[in-house]
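Written below as structure tokens is the structure these notes are about.
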Amino acid sequence: MAISTIRIGCTQYLHTDAILSGRLTLDSFCVQPERAKSIDECTLKTLGGEYDVGESSLATFLKIAESQTGLKALPIFSRKFLHHYQFCLNDASIQSPRDLVGKKVAIPQFWITAGIWHRWLFERYYGIEPGQITWFPLQRDRVVAPYPDHYQIDWRHVGKSAPELLRSREVDVFIYARKIDDDRGIRTVQPNPIEETTKFYHDVRMVPITHVIVVREELLESNPNLVGELVHLFERSRDLGLKDVGNSVSMYLPFADLHLQRTDSMLDKDWNSFGWEKNYRILRTFYNAACEQGFISGKRSLEDCFVQFD
């Protein structure tokens, strides 16, 4: 019997490299991997049915899943701390998100996963109501969703550069989930983001989930063992990536191995684990925040969106 082909789409990180390179594969399927150029492209292709299994923005998946059945998320994740992705000018008086009342904050898109997490962080951890901030999205959102009436959203800077807006003082802060490419004259909002992030982690015991792996539900129905195979595939790829970190970045971070040891001592051993039960509280926190901010309606439950596999 011929082995069917399964198309897997991901962005390229160390934890997906072994799949994208063909180093790892499945026994029951011939894997056809595809490297997406960006999470925007990968999300749209995954949710549009171009991939059998694909990486997606967590927020966009939850929104699309409200009206589009036939897709399920697997408990396979990417995640990031966000404190060191809040930027302001070097000479700004801002020292904490608590200083953002009345300030102008730029964001790539309003309804990106990181944006929902940042606003949750501001409100629930720092006690700042996001409605007290003026938000400046720099792109239109990839999915249509209503904007909260009590939020101040200004679209005048769409298409503009975040570093240039900061340096011209047209905005006070830029938030995202990655480093700014051109950071001349720009610093993190937190003077000591590692110390602040460590405190946050020990207070709440979570690392925000940003991306999730999504699969066509009909594929799961016809292949009952596929969930376990896919989770194992991505776990092996993640573990190989972890082994490669020190060597891969040693030309740029000569103390990378020491940083890994420090991370292990700072966080719980399961901080980057896959699985439904270990990650349920993080997923529930995000789902509730997305409902409270008005991005999703809550008419499709979190439990119905995911394959509950451990």
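Derivation of every value follows stated rules applied to the coordinates shown; laboratory data play no part. Since we're looking at a predicted model, the values are computed, not measured. Quick reminder, even Gly has a Cβ in these numbers, built from the backbone with ideal geometry, and neighbours come from all protein chains shown.
To the nearest 20 Debye, how big is the dipole of the chain about its Cα centre, given +1 on the beta carbon of each Lys and Arg and -1 on that of each Asp and Glu?
560
Kindly state, to the nearest 0.05, the FRET efficiency for Glu277 paired with Asp182, given R0 = 45 Å and r defined as their beta-carbon distance.
0.60
Which value in deg cm²/dmol, rounded to the nearest 500, describes the helix-derived mean residue ellipticity at 222 nm for the chain, given -39,500 (n - 2.57) per DSSP H run of n ≥ 4 and division by the residue count?
Computed mean residue ellipticity for the chain: -11000 deg cm²/dmol.
Using modelled amide H (1.01 Å from N, peptide plane; none on Pro or chain starts), what sits under 5 Å from the amide H of Gln152, excluding residues fewer than 5 places away?
Ile133, Trp135
Positive end of the dipole of the chain, charges at C-beta (+1 Lys, Arg; -1 Asp, Glu), about the Cα centre: which of Tyr151, Tyr51, Leu100 has its Cα farthest in that direction?
Result: Leu100, furthest along the dipole toward the positive end.
Between region 26-42 and region 107-160, how many Å separate their Cα centres?
30
Please compute, for the alpha-carbon atoms of region 83-204, the extent along each of the three principal axes and give them in descending order in Å.
36, 31, 24
Work through the residues other than Arg236 whose Cβ is under 15 Å from its Cβ and net out their charges, Lys, Arg +1 and Asp, Glu -1.
-3
Please list, in order, the residues from region 183-227 whose amide nitrogen is less than 16 Å from a point placed 7 Å along the Cα→Cβ vector of His259.
Output list for this probe position: 188, 193-195, 197-198.
Step through the table entries Lys37/Lys278; Lys45/Lys72; Lys80/Lys278; Lys104/Lys160, compare each Cα-Cα distance with 20 Å, and write down the pairs that go over it.
Check vs 20 Å cut-off fails for Lys37/Lys278.
Need one number: nm distance between label points at Lys160 and Glu292, each 7 Å from Cα along Cα→Cβ, rounded to one decimal.
3.1
Starting from 0.36 nm per residue, how many nanometres of slack lie between Ser168 and Asp310 once their C-alpha separation is accounted for?
46.2 nm is the gain from fully extending Ser168 to Asp310.
Sum up the charges of everything whose Cβ sits under 9 Å from the Cβ of Pro75, counting Lys and Arg as +1 and Asp and Glu as -1, but leave Pro75 out.
On the way: positive: Lys278; negative: Glu277, Asp310.
With Lys, Arg at +1 and Asp, Glu at -1, the net is -1.
Between rounded, prolate and oblate, where does region 188-283 land on the alpha carbon gyration tensor, with a ≥ b ≥ c its root eigenvalues, rounded for a/c under 1.5, else prolate if a/b exceeds b/c?
Oblate, because a/c is 1.5 or more while a/b does not exceed b/c.
Step by step: find N for region 126-194, compute 2.2 N^0.38 Å, then divide the Cα radius of gyration by it. What's the final number?
1.22
What order do you get for Arg119, Arg156 when you list them from fewest to most C-beta neighbours inside 10 Å?
Arg156, Arg119
Mind giving me the FRET efficiency for Ser28 and Arg300? R0 is 30 Å, r the Cβ-Cβ distance, nearest 0.05 is fine.
It comes out at approximately 0.55.
In what order do Cys291, Cys88 fall by count of nearby beta-carbon atoms within 10 Å, going from fewest to most? Spell out each step's value before the answer.
Details: Cys291 15, Cys88 24.
Arranged by neighbour count, lowest to highest, Cys291, Cys88 become Cys291, Cys88.
Given the convex hull of the Cα atoms of the chain, what is a quarter of its surface area in nm²?
16.1
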